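J.: Sharing a structure here in C-alpha cells format.
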Amino acid sequence: MIDLTRNLISREISNIFDNLHYKDINIDVNIPTQKGKGNLTTNVALVTFKDFQESVKNNLLDDNLINEIDYIKTPFDYADWLANKIRVRLLDVEYNSTKIFKNIEAATPGFINFYFTDEFLISKVNYLALNKLDLRLGESKKYVVEYSSPNIAKPFTIGHFRTTIIGNSIANLLETTGNEVYRDNHLGDWGTQFGKLIYAIKTWGNEDEIDKSERPVKDLVDLYIKFHDEVKENPDIEDEGRKWFALLESDDDEAKRLWKKCIDWSWKEFNEIYDKLDVHFTENNGRGYGESFFVPMVPDILEELEKNNLITESEGAKLVFFYDDDELPPLMIIKSDGSTLYSTRDLATDKFRLKKYGNDVTIINEVGGDQKLYFRQIFRIEEILGWYKPEQRLHIWHGLIRLKDGKMSTRRGNVVWLEDVLNETFKRTKEISSDLPDKDVWKIAIGALKWNDFKRKRQVDITFDWNEILNIKGNSGPYMQYTYVRGLGILNNAKSHFNLSENDIKKIEDVGLIELSEIEKELIHKLINYKGVIKEATNDFDLTIIATYLYELAQMFNKFYVEQKIIDDNIDLEIVKFRLNIILSVNKVIKNGLEILGIKVVDKM
C-alpha cells in the first residue's frame, strides 16, 4: 500500500509542476529515516527550488500564480507553498471509504512530510491479516539463476556456502516477485583434474571401499592430494594424468566409467548437503547442467568465434583479444594442447541457454568476486556476438570466505568442509534445544548459519571463525525464529482464552473503538512498507535489505508485546482482535521474509 500512496503523491506533485513549467523532474517519495517525520517524505522542494527561481526569473508562471508566490524566498517557503497545494488536493482523498492523509506539512530546510490517518493504518493491517501477501512487481520476466556449482570429486567447502545460499535466495526473491525462474547448478565435472584423479584411483585407490564410504568425496580428495604429493617426487606422473584426460575426451570406456563413478560418489554427499540447506535446482532433473554437457557444443562455438574474427592463435593456443577495451586482457579459449577451458564451456553454456529459454532471458551468475574480470570478458564476447544485451548478463558476486592464513586450496588440503560446519552447528544448537525434535534443531541450526551471512552485505570478505559463523544470539536466525514462535504462542493462547477462530480474529466489527498507540502506529507502518522493501531488495539483488527489515520488525514487535496488553478480559474484545491482527500480520511477513532467505520457521522453541 505504500506504493499506492507514493504514486498518488507523485502524480499530484507532477500536476502542480506542469503549471510551473518544469520538465523531466524525478519525484522521490521515501520512508523518513528519522522518527516523527511522517509516514512518507519528499525532498522535491529542495531539488526543484532552482527550477522554481528560474521560472520566476523568466516570467514563465501564469498570472494567477504571481501574487501567490511573492513571499517565497527560501526552500522552506517553497516547500510550505507546495505542501498547501498538495494538501488541498489530497487531504480528502479516500481509499475504500477511508481517508488516507491526516496531515501534510513542510519541514526545514525544505522537506514535505505526509502523515497517515489512524483509520488508514488500521484498514491496512486488517487487509494484511485477511489477505495473502501479493509481492508481484510489474511484468513477469524470465531468469536463469546459476549458483552453488561445486566441483565433482572435490570438497563442498564453507567457501561454496555463500554462492549456494545467496543464489538460492535470489531465485526465491525473483519467484516471489512474480518472475519465471530457472535454477541451474553449473557443476565442475570436466577438466584435466579428472585425468589426475582417474590415474590416482587406478594406482592407489580401492573402488569397493569408496563405494561403501560414508563420505566418498573425502576419499577422492585424499587421492587427489596424494597425486600432487607424488608429483613432487616424480614429475612424470603429470603426463600420466594428461594421458587419462585425453582418453576421457576421446570417449575411452574405462576413463568414462571412472569419471561417471566420481560424479555418483560426489552426488551422494551433495544431495545430503542440499537437503539440509533446503536448496534445490530445476534444471536437468534437479542436478543442473554440468560442464561436460556442453563439451560437444564447443566446436560450434569455436566456428562462430572464428567467423566473427575473434580468434587469435598464440603459441598454439587460441585467444580472444579485446581491441575495443584496453581494460580487458585477452581470454584463452583453447589451450596449446587443444583442450577446452572453463571459458569455452561457459560460452557453450550461454549459447545453449539462449536457444532453450529464448532471447528475452536474463542470466544471473552468482559467483565470488574473484571472478569479476573473467565474467566481464565472457559478457563482452557474448555482447559482440549479439547473443545478449548488457542488461541480460549479470554477475551477482559475493566476498570470499578465507582462512586466517589465506585462501582455501584442495591441492594443499587446507579446506573447511561444509558438512563439518553443518554438523557442528547442529551439535551446538542441540545442546541448547535438547527438548526439540532433530528436524526442528536442523531448522534452527541452518537458520543461524544463513542469517549470519545475510545480515551482512554479500560483497564483504569473511575470515572463517567458528564462533562468528555459529553465532545464535542477538541479531541472529534463532532470534527471528523465536519472535515468530512468540507471536504464534500469543495467537494460540488468545484463541483458547476468548474461544476465537482465526476468522473471528480478522473480523473487527467496530473500528471506532480503536485508538492507536505510538508503537502500534510504528509497527503498522513498518508492516505496510514490506512490499517496498522487497522491491528495493529485488532492484539491488540485496538480501541484507530484507534481513535488516525483518530484524527491525522483530525488535518493534517485541516492544509492542511488552507495552500493549493483549490477553486481558478488561480490554474490549474488538481491541484485542485488532492487536491479534497485528500479530497475525507480523508473523505472516516474518515467515515470508525468512522463506525468501531460505530459513524455515518452527512452531516451538
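J.: Normalised by the number of residues in the stretch 427-480, what is the relative contact order in percent for Cα pairs under 8 Å and 6+ residues apart?
T.: That works out to 39 percent.
J.: Pulled fully out, how much extra length does the chain show between ARG402 and LEU373, if you take 0.36 nm times their separation in residues and subtract their Cα-Cα distance?
T.: Taking 0.36 nm per residue and subtracting the Cα distance, the gain is 8.5 nm.
J.: Let me ask you something else. Given H placed 1.01 Å from N in the peptide plane, which residues other than close sequence neighbours of THR362 have an amide H under 5 Å from its amide H?
T.: LYS142, TYR143, VAL144
J.: Loop only per DSSP, at most 16 neighbouring Cβ atoms within 10 Å: give me the GluC sites (Glu not before Pro) in the stretch 495-558, ordered by residue number.
T.: Here the GluC sites (Glu not before Pro) that fit, given the DSSP loop and packing criteria, are GLU509, GLU515.
J.: Another question, if that's okay. If the cut-off is a Cα-Cα distance under 25 Å, which lysines reach LYS356, setting aside same-chain residues fewer than 8 apart in sequence?
T.: Correct list for LYS356: LYS141, LYS142, LYS307, LYS389.
J.: Next question, about the same structure. Of the beta bridges DSSP finds with both residues in the chain, what % are antiparallel, to the nearest 5?
T.: 55 percent
J.: Amide H neighbours of ILE72 under 5 Å, at least 5 residues apart or on other chains, H built in the peptide plane: list them.
T.: Residues meeting the amide H criterion: none.
J.: For the stretch 136-181, state which GluC sites (Glu not before Pro) are in a DSSP loop and have at most 12 other beta carbons lying within 10 Å of their beta carbon.
T.: Those satisfying the criteria are GLU139.
J.: What are the trypsin sites (Lys or Arg not before Pro) within the stretch 519-581 that DSSP puts in a loop, where the Cβ has at most 15 other Cβ atoms within 10 Å?
T.: Taking the stretch 519-581 and a limit of 15 other Cβ atoms within 10 Å, the loop trypsin sites (Lys or Arg not before Pro) found are LYS565.
J.: Something else about it: Could you tell me which of PHE322, TRP81, TRP387 has its Cα farthest along the dipole of the chain towards the positive end, charges placed at Cβ (Lys, Arg +1; Asp, Glu -1), taken about the Cα centre?
T.: So the residue we want is TRP81.
J.: Please report the spacing between the Cα centers of the stretch 168-219 and the stretch 431-470 in Å, no decimals.
T.: Here the answer is 24 Å between Cα centres.
J.: Tell me, what HN-Hα J-couplings in whole Hz come from the Karplus equation 6.51 cos²θ - 1.76 cosθ + 1.60 at θ = phi - 60° for each residue of the stretch 11-26, using x for Gly and Pro?
T.: Whole-Hz 3J(HN,Hα) from phi for the stretch 11-26: 4, 5, 5, 4, 4, 5, 5, 4, 6, 8, 6, 7, 10, 6, 9, 8.
J.: For LYS50, give me every one of the lysines with a C-alpha distance below 27 angstrom, ignoring sequence neighbours fewer than eight places off in its own chain.
T.: Correct list for LYS50: LYS23, LYS37, LYS73, LYS85.
J.: Okay, moving on. Can you tell me the relative contact order of the chain? Whole percent, Cα pairs under 8 Å, sequence separation 6 or more.
T.: Relative contact order of the chain: 15 percent.
J.: Using 0.36 nm per residue of separation minus the Cα-Cα distance, give me the extension gain between ASN503 and THR108 in nm, one decimal.
T.: Contour length minus the Cα-Cα distance gives 137.6 nm.
J.: How would you classify the stretch 2-116 from its alpha-carbon gyration tensor, with a ≥ b ≥ c the square roots of the eigenvalues: rounded for a/c under 1.5, else prolate if a/b is greater than b/c, otherwise oblate?
T.: Since a/c reaches 1.5 and a/b is larger than b/c, the shape of the stretch 2-116 is classed as prolate.
J.: Now for a separate question. I'd like the Karplus ³J(HN,Hα) series for the stretch 436-450: coefficients 6.51, -1.76, 1.60, θ = phi - 60°, whole numbers in Hz, and an x wherever there's a Gly or Pro.
T.: 8, x, 4, 4, 6, 4, 5, 4, 5, 5, 5, x, 4, 5, 5
J.: Could you size up the charge dipole of the chain around its Cα centre, putting +1 on the beta carbon of Lys and Arg and -1 on that of Asp and Glu, and report it in debye to the nearest 20?
T.: Once rounded to the nearest 20, the dipole reads 1120 debye.
J.: I need the fraction of alpha carbon pairs in the stretch 417-605 separated by more than 21 Å, rounded to a whole percent.
T.: The share of Cα pairs beyond 21 Å in the stretch 417-605 comes to 55 percent.
J.: Between the stretch 64-117 and the stretch 381-397, how many Å separate their Cα centres?
T.: 45 Å
J.: Taking only C-alpha pairs under 8 Å that are 6+ residues apart, what is the relative contact order of the stretch 417-605 in percent?
T.: Relative contact order comes out at 33 percent.
J.: What residues qualify as long-range amide H neighbours of ALA153, i.e. H under 5 Å apart, gap of 5 or more or another chain, H built at 1.01 Å from N?
T.: Amide H to amide H, under 5 Å and 5 or more residues apart or across chains, ALA153 pairs with SER266.
J.: Describe numerically, in nm with one decimal, the distance between label points set 7 Å from Cα along Cα→Cβ at ASP264 and at PHE321.
T.: Label-label distance for ASP264 and PHE321, simple model: 4.9 nm.
J.: Please work out how much length the chain gains when fully extended from GLU230 to ASP568, using 0.36 nm per residue of separation minus the C-alpha to C-alpha distance, in nm with one decimal.
T.: Here the answer is 114.1 nm.
J.: Something else now. What are the ³J(HN,Hα) couplings of the stretch 166-174, residue after residue, when phi is run through the Karplus curve with 6.51, -1.76, 1.60 and θ = phi - 60°? Round to Hz, x for glycine and proline.
T.: 5, x, 4, 6, 5, 4, 4, 4, 5
J.: Given only helices, namely DSSP H runs of n ≥ 4 each adding -39500 (n - 2.57), what is the per-residue ellipticity at 222 nm of the chain, to the nearest 500 deg cm²/dmol?
T.: Estimated from H runs of four or more residues: -17500 deg cm²/dmol.
J.: Separation between the GLN459 and GLU214 pseudo-spin-labels, each 7 Å from Cα along Cα→Cβ, expressed in nm?
T.: 4.3 nm
J.: Beyond 38 Å, what percent of the Cα pairs of the chain remain?
T.: Distances greater than 38 Å cover 47 percent of the Cα pairs.
J.: Let me ask another. In the neighborhood of TRP265, defined by Cβ-to-Cβ distances under 9 Å, what is the net charge if each Lys or Arg adds +1 and each Asp or Glu adds -1?
T.: Net local charge, TRP265 excluded: -2.
J.: Something else now. Any chance you could check the Cα centroid distance between the stretch 285-299 and the stretch 241-282 for me, in angstrom?
T.: Their Cα centres are 12 Å away from one another.
J.: Within straight cross-link reach of LYS565, meaning Cα distance under 17 Å, which lysines are found once same-chain residues fewer than 8 apart are removed?
T.: Within the straight-line cut-off, LYS565 pairs with LYS495, LYS521, LYS577.
Since every read-out is calculated from the coordinates, none of them should be taken as a lab result. Keep in mind it's a predicted model, so treat the numbers as computed, not measured. Every residue, glycine as well, gets a Cβ built from its backbone with ideal geometry; the counts of neighbours run over all protein chains shown.
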